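Asker: Take this structure first; my questions come after.
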Amino acid sequence: MRKNFNMFDQFPDLGDGAKKAFEKELDSVFVEKGGLLEQEGMVCNHLYFITEGSARSFYTRENKDITVSFSLEGEFLTAMHSFISRKASYENIEAMEKTKVARIKYESLMGLFEKHRDLERTYRLILEQYYITLEERLIFTKFKSARDRYLDLMEYRPKIIQRASVGQIASYLDMSIETLSRIRAKI
């Protein structure tokens, strides 16, 4: 399984014993385009790592999808609030294309923390990155113009533009499809 992904490359201080124990608890899942990894109203029981493909997290409000994040190969994802609090999720996680993920169950991960303290530190680093991304996203939507938000997406996450639909991108950037189309026409 290890040859399919490099999730540990971002954590060079993680010991080999912890890596092997973690890998033993993983299972691989393929999800077709449009398939849900997590569903609103359900407790999130897995931490995922995308080995192939892409996914988006979104909420549904007033019959509209509101995309809050995109995840690509080499990234961890989960419905973080639900995963940590063990409460029903507010969000859905959907495959944007045929996607392969490695996943670990919440209970398995908690058990590994007892045996491998370096895994607990690694998890903290994942949570810190999640928090940083969340804060950047908040600042991104509150203080930047629509055009600047799109230019930032082009610069820092260009693969999303290639993989996500125009509607998903517009929702993520907190603008209408028409506004996004006008911005794209001028660039």
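The values are calculated or read from the model by the stated rules, or taken from the named source; none is laboratory data. All of these numbers come straight from a predicted model, not from anything done at the bench. Here the Cβ is made from the backbone with ideal geometry for all residues, glycine too, and neighbour counts use every protein chain on show. Side chains are part of the model used for accessible areas, which takes the heavy atoms of the whole protein and leaves out ligands, DNA and RNA. Shrake-Rupley method; radii C 1.70, N 1.55, O 1.52, S 1.80 Å.
Asker: Mind checking which aspartates and glutamates have their Cα closer than 14 Å to the Cα of LYS87? Skip sequence neighbours fewer than 8 apart in that chain.
Answerer: GLU38, GLU40
Asker: Can you give the net charge of the other residues whose Cβ lies under 14 Å from the Cβ of ILE187, counting K and R as +1 and D and E as -1?
Answerer: Details: positive: ARG147, ARG149, ARG182, ARG184, LYS186; negative: ASP148, ASP152, GLU155.
Net of charged neighbours comes to +2.
Asker: Okay, moving on. Would you list, by chain and number, the lysines whose Cα falls below 19 Å from the Cα of LYS159, excluding same-chain residues fewer than 8 positions away?
Answerer: LYS33, LYS98, LYS100
Asker: Further question: Relative to the longest principal axis of the chain, what angle (0 to 90°, nearest 10) does the C-alpha long axis of helix 106-115 take?
Answerer: 50 degrees
Asker: Further question: Between beta-carbons, use under 9 Å as the cut-off and find the net charge around SER28, counting Lys and Arg +1, Asp and Glu -1.
Answerer: On the way: positive: LYS100, ARG103; negative: ASP27.
Net of charged neighbours comes to +1.
Asker: Further question on the same structure: Over all distinct alpha-carbon pairs, what is the Kirkwood Rh of the chain in angstrom? If you can, show how the numbers build up before the last one.
Answerer: Working: mean 1/r = 0.0571 Å⁻¹.
Averaging 1/r across every pair of different Cα atoms and inverting gives 17.5 Å.
Asker: First check a/c for the stretch 28-117, with a ≥ b ≥ c the square roots of the eigenvalues of its C-alpha gyration tensor; if it is under 1.5, answer rounded, and if not, answer prolate when a/b is larger than b/c or oblate otherwise. Don't skip to the answer; put the middle values down first.
Answerer: Numbers: a/c = 2.34, a/b = 1.31, b/c = 1.79.
Oblate is the answer for the stretch 28-117, as a/c is 1.5 or above yet b/c matches or exceeds a/b.
Asker: Hey, another quick one. Tell me, what ³J(HN,Hα) does each residue in the stretch 160-165 have, in order and in whole Hz, if you take phi through Karplus 6.51 cos²θ - 1.76 cosθ + 1.60 with θ = phi - 60° and put x for Gly and Pro?
Answerer: In residue order, the calculated couplings are 5, 4, 6, 9, 8, 6 Hz.
Asker: How much length is gained if the chain between MET154 and ILE66 is pulled fully straight, taking 0.36 nm per residue apart and subtracting their Cα-Cα distance, in nm to one decimal?
Answerer: 29.7 nm
Asker: Let me ask another. Using Cα atoms only, what is the angle between the long axis of helix 16-25 and the major principal axis of the chain, expressed in degrees (0 to 90) to the nearest 10?
Answerer: Helix 16-25 sits roughly 70 degrees off the main axis of the chain.
Asker: Heavy-atom accessible area per residue, the stretch 1-94, 1.4 Å probe: how many Å²?
Answerer: Numbers: 4900 Å² over 94 residues.
Per-residue value: 52 Å².
Asker: Can I ask one more? Output the Kirkwood hydrodynamic radius of the stretch 81-127, Cα pairs only, in Å rounded to one decimal. Let's see the in-between values first.
Answerer: Values: mean 1/r = 0.0785 Å⁻¹.
12.7 Å is the Kirkwood radius here.
Asker: Rounded to the nearest percent, how much of the accessible area of the stretch 81-187 (1.4 Å probe, protein heavy atoms only) is carbon and sulfur?
Answerer: On the way: 3450 of 6390 Å².
Whole-percent figure for carbon plus sulfur exposure: 54.
Asker: Here's a follow-up. For the chain, find the longest principal axis of its Cα atoms and tell me its angle to the long axis of helix 117-143, 0 to 90°, nearest 10.
Answerer: That helix lies at roughly 10 degrees to the long axis.
Asker: Rounded to the nearest 20 Debye, what is the dipole magnitude of the stretch 80-137 about its Cα centre when Lys and Arg each give +1 and Asp and Glu each give -1 at the C-beta? Don't skip to the answer; put the middle values down first.
Answerer: Numbers: 11 positive and 10 negative charges, 53 e Å.
Charge dipole, the stretch 80-137, about its Cα centre: 260 debye, nearest 20.
Asker: Using the Karplus curve 6.51 cos²θ - 1.76 cosθ + 1.60 with θ = phi - 60°, what ³J(HN,Hα) values do you get for each residue of the stretch 181-187, in whole Hz, with x for Gly and Pro?
Answerer: 3J(HN,Hα) across the stretch 181-187, in whole Hz: 4, 4, 4, 5, 5, 8, 9.
Asker: Here's another thing I want to ask about it. Build a GNM of the chain with springs between Cα atoms under 10 Å: which of SER54, SER108, SER69 gets the top mean-square fluctuation?
Answerer: Checking each option, the largest mean-square fluctuation is seen for SER108.
Asker: Of ILE132, MET7, LEU47, whose Cα points farthest to the positive end of the dipole of the stretch 1-150 (charges on the beta-carbon: +1 Lys, Arg; -1 Asp, Glu; origin at the Cα centre)?
Answerer: The one lying farthest along the dipole's positive direction is ILE132.
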